[in-house]
1. Please count how many residues of the stretch 62-104 are under 11 Å from Phe30 (Cα atoms), assigned to a loop (DSSP other than H, G, I, E, B) and of a type outside the set (A, V, I, L, M).
2. Scan the stretch 26-73 residue by residue and report those that are basic (Lys, Arg) and open to solvent by less than 70 Å² (accessible area, probe 1.4 Å).
3. For Ser97, indicate whether it is of a type in the set (Ser, Thr, Tyr) and modelled with pLDDT of 90 or more.
4. Considering every residue within the stretch 81-91, establish whether at least one is touching a Phe, Trp or Tyr at 6+ places or on another chain (Cβ under 9 Å), modelled with pLDDT under 90 and open to solvent by 60 Å² or more (accessible area, probe 1.4 Å).
5. Quick one: what pairs do we get from the stretch 9-28, first residue within 24 Å of Leu42 (Cα to Cα), second at pLDDT below 90 and of a type in the set (Val, Ile, Thr), C-beta under 6 Å, 6+ apart or different chains?
Amino acid sequence: LVAKDAYFSMLKEKPVLFVKNAVVNTLLSFSTGYITQLPIWLHYLLALLGLIHLVLLVYLRKWYIILLILASVGTVVLYYPPIPAYIFGNYLILTLSIYCIIHELNLKGRLSFFQRFKTLAD
């Protein structure tokens, strides 16, 4: 009861802080999550990488992957930072999504680097 009252008291005082934390935590879920030993500026960099990841998924219309990631972390990111213990199952989905992004962009000819690298390897 005390924690509930304190939570809603802080929510009334600083609602923007709660929205910012929810957005940053959600973006962190599209990258490695919140790693406790890192300085705060690296968390914002990881959130930026998560934003880039999310934008690429939207660009490629991979809605099912976005929904899988959000369903995996949706109950956590509104209240807690997405530490690896909370989002461990999310890493398999993230690996799948990175593979899909690389594959789709390569098929569309957007990643000519990979095509050049493949011809050099042959």
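The values are calculated or read from the model by the stated rules, or taken from the named source; none is laboratory data. In this text, all values refer to a predicted model and were calculated from it rather than measured experimentally. FYI the Cβ positions are ideal-geometry reconstructions off the backbone, even for glycines, and counts take in every protein chain you see. With ligands, DNA and RNA removed, areas are computed over all heavy atoms of the protein, side chains included. Shrake-Rupley method; radii C 1.70, N 1.55, O 1.52, S 1.80 Å.
1. Total satisfying the criteria: 1.
2. Matches in the stretch 26-73: Lys62 only.
3. yes
4. There is at least one residue in the stretch 81-91 that is touching a Phe, Trp or Tyr at 6+ places or on another chain (Cβ under 9 Å), modelled with pLDDT under 90 and open to solvent by 60 Å² or more (accessible area, probe 1.4 Å).
5. From residues that are within 24 Å of Leu42 (Cα to Cα), the pairs are Asn25/Val77; Thr26/Val77.
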